[in-house]
Amino acid sequence: MAHGRRGSLAGSGVTHGIAVGRAHLLAPSELDVRQYTIERRDVLHEIGRLTTAFNVVREELEHLKSGIAPNAPSEVLAFLDLHRLILGDALLAEAPRDLIRGKLINAEWALTIQLEHLVKQFDAIDDEYLRERSTDVRQVVERVVNALSEGRPTRVAIPKQLAAGKRLVLIAQDLAPADVLHLRDRADIDLAGFVTELGGPTSHTAILARSLGLPAIVGAGGARVLIEENDLVVIDADSDAVIVNPSDDELADFYQRIRDEGEHRVQLRKLRGRQARTKDGIAIELHANIELPEDARDALEAGADGIGLFRSEFLFMDRDELPTENEQYEAYASVSRAMKGKPVLIRTLDIGADKVLTETARESLGLGRGAPRPESNPALGLRAIRYCLAYPELFLTQLRAILRASEVGTVRILVPMLAHMHEVEQVLAFVAQAKQQLRERKQKYDGRIQIGGMVEVPAAALSVPQLVKRLKFLSIGTNDLIQYTLAIDRADSSVAHLYDHLHPAVLRLISQTIKGCIKAKVPISVCGELAGELEMTELLLGMGLRQYSMHPSQILPIKERLFGLSIKDAARLSAKVLRESDPVKIKSVLERLVARSR
Ligand code: PEP
Ligand code: MG
């Protein structure tokens, strides 16, 4: 059955489960490489960007080399050495600098012009082996282009036609959230899962993969070196591993595990209509996180108590025209209708960082094409509520659409990334203005619509007593709270090992936020990925949490776990964990508890 090089790679698993398919390697889309002219005074800055990107890639290749498993095939090492040679070649390293100086163009553009020039030269070579090395030059250039994007993944080129009738595992250096949205709409692709060399497990790309139910491994350095087109690939998301060309015995074991998991899912479905409760009878609410309106179906299927987080920004991405008020209204109202009176928390636009609008859409907001310099720290830049407050028309349009949808169900407004009380005041003023506009148009809305905020930055977690005076509920976005507490870019695989949800500082902030809300009698939920982690259920319960919001696929497993837990034991566990300062010890305690419950 197996052919080609065998081996395995480690990364971070996304979505539980196993996927088997044939590899298809993806390259970044050249169309998406930003092209713009620069001023002469910016030449040195642009050359500096290029030099930094070359250095980043040099380190990346070194890092990959040092991480090669001892049993990895020898070609992997040889390819990495070849890529280092290409990177150091003057034709690639020097020529683009001359193009920047001579043509006054940005680094990405210069690099792709030189790439096309080199590819043409390779195409003219007689020797087939040497001719094919143009693929390696292309791969090295992709890495540099990616490094130039400073953490924001460039889009990949997804071919119009992909091998029909085959389950595919896509292999890419990185995928942008918009790429995953695009894949989701491609009915012709039988996608088993994907593997990326970059990216962290709580990046928005990973979150979307979960919403598609796609097993994936992110941050699997060297994937595009080890894996070749059409290799048989197994994604074992539960073990954070990619297995390439497994033996027949290994493959049989994987298929057995897929069957076992299927049977467990059938068992879990029996819990669907039951209210989640602890062993001692305390009711717990389990809500769903969704990315697009049609995901409400999965939430209902899983028996969710409501939508705890509707990531509305995905309606705005992967398109050149921003959704109108009416289109947004239809989307929000359809979710609200589908949930039949159960609460639906619509999060206002959380655009920025790794979730970007297309250039044309940005232009329609008056942002201009090809802004001369990308933000240097997009996660700390104009993101989420900051973006909305900077573009009032964009914000007001969305607020009117949400308010109108509140007429057809129980809709609430959830505001992301709050850090300052003046942001809260501005939001409340904008909501009042949107209501006034609707009254003038004689359009209806729920006058008592509740407005709540996300606790995603430490400043918010430390301001709960103030926040609860002005907001009706809070929801902890642990994905960002961890990112901003530990200063770790959640989409950056090189620091993924430092992204630790069990860091005592993170746990203290979560616990304090929950306690602050309980004291003020204000509803509190957790809607970050932690809420759907089995090992975190008891700890969060012990901290006082009674409302969780997670990807729909996790609702039934978490419900099953809650049935076996008692509030008293959970409180004891939480007190013990909060006294502990070593995350490794905390992890082993939590894992042991989950293992014992199986
Ligand atoms: C979070 O940050 O935990 C969250 C739920 O929001 P997002 O993952 O969309 O940033
Ligand atoms: Mg967030």
Item to check | So Gln275, is it on the phi < 0 side of the Ramachandran plot, in a loop (DSSP other than H, G, I, E, B) and among the polar types (S, T, N, Q) | outcome: yes
Item to check | Matching entry among Lys469, Lys442, Lys435 (being charged (D, E, K, R), part of a helix (DSSP H, G or I) and open to solvent by 70 Å² or more (accessible area, probe 1.4 Å)) | outcome: Lys469
Item to check | In the range 445-466, the residues that are open to solvent by less than 20 Å² (accessible area, probe 1.4 Å), within 14 Å of ligand 2 (Cβ to nearest atom) and either at pLDDT below 95 or more than 17 Å from Ile413 (Cβ to Cβ) (or both) | outcome: Val457, Ala461
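Would you mind stating whether Gly199 is touching a Ser or Thr at 6+ places or on another chain (Cβ under 8 Å), modelled with pLDDT of 85 or more, closer than 29 Å to Asp298 by Cα and buried (at least 17 other Cβ atoms within 10 Å of the Cβ)?
No; evaluated as a whole, the condition is false for this residue.
Would you check which residues across the range 525-573 are in a helix (DSSP H, G or I) and hydroxyl-bearing (Ser, Thr, Tyr) and list them?
Answer for the range 525-573, where residues must be in a helix (DSSP H, G or I) and hydroxyl-bearing (Ser, Thr, Tyr): Thr537, Ser553.
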Next on the checklist: Residue pairs, Cβ under 9 Å, 6 or more apart or interchain, first in the range 97-113 and within 11 Å of His45 (Cα to Cα), second assigned to a loop (DSSP other than H, G, I, E, B). List them.
Outcome noted: Ile100/Ile38; Ile100/Asn106; Asn106/Arg34; Asn106/Gln35; Asn106/Tyr36; Asn106/Ile38; Asn106/Gly370; Asn106/Pro372
Checklist entry - Quick check: is even one residue across the range 489-496 closer than 19 Å to Gly200 by Cα, within 16 Å of ligand 2 (Cβ to nearest atom) and open to solvent by 40 Å² or more (accessible area, probe 1.4 Å)? => result yes
Checklist outcome for this item: When Lys521 is run through (1) open to solvent by 40 Å² or more (accessible area, probe 1.4 Å); (2) farther than 20 Å from Tyr548 by Cβ, the failure sits at (2)
Checklist entry - Across the range 472-499, what is the total count of residues that are closer than 17 Å to Cys527 by Cα and part of a loop (DSSP other than H, G, I, E, B)? => result 3
Checklist entry - For the subset of the range 65-118 comprising residues that are open to solvent by 70 Å² or more (accessible area, probe 1.4 Å) and polar (S, T, N, Q), which member is modelled with the lowest pLDDT? => result Asn71
Checklist entry - When you scan the range 399-420, how many residues do you find that are more than 16 Å from ligand 1 (Cβ to nearest atom), more than 13 Å from Val335 (Cβ to Cβ) and open to solvent by less than 20 Å² (accessible area, probe 1.4 Å)? => result 2
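The values are calculated or read from the model by the stated rules, or taken from the named source; none is laboratory data. Computed from a predicted model, the values in this text were never measured in an experiment. Neighbour counts run over all protein chains shown; Cβ positions are idealised from the backbone, glycine included. Remember, those area values only see protein heavy atoms, side chains included, never the ligands or the DNA or RNA. Shrake-Rupley method; radii C 1.70, N 1.55, O 1.52, S 1.80 Å.
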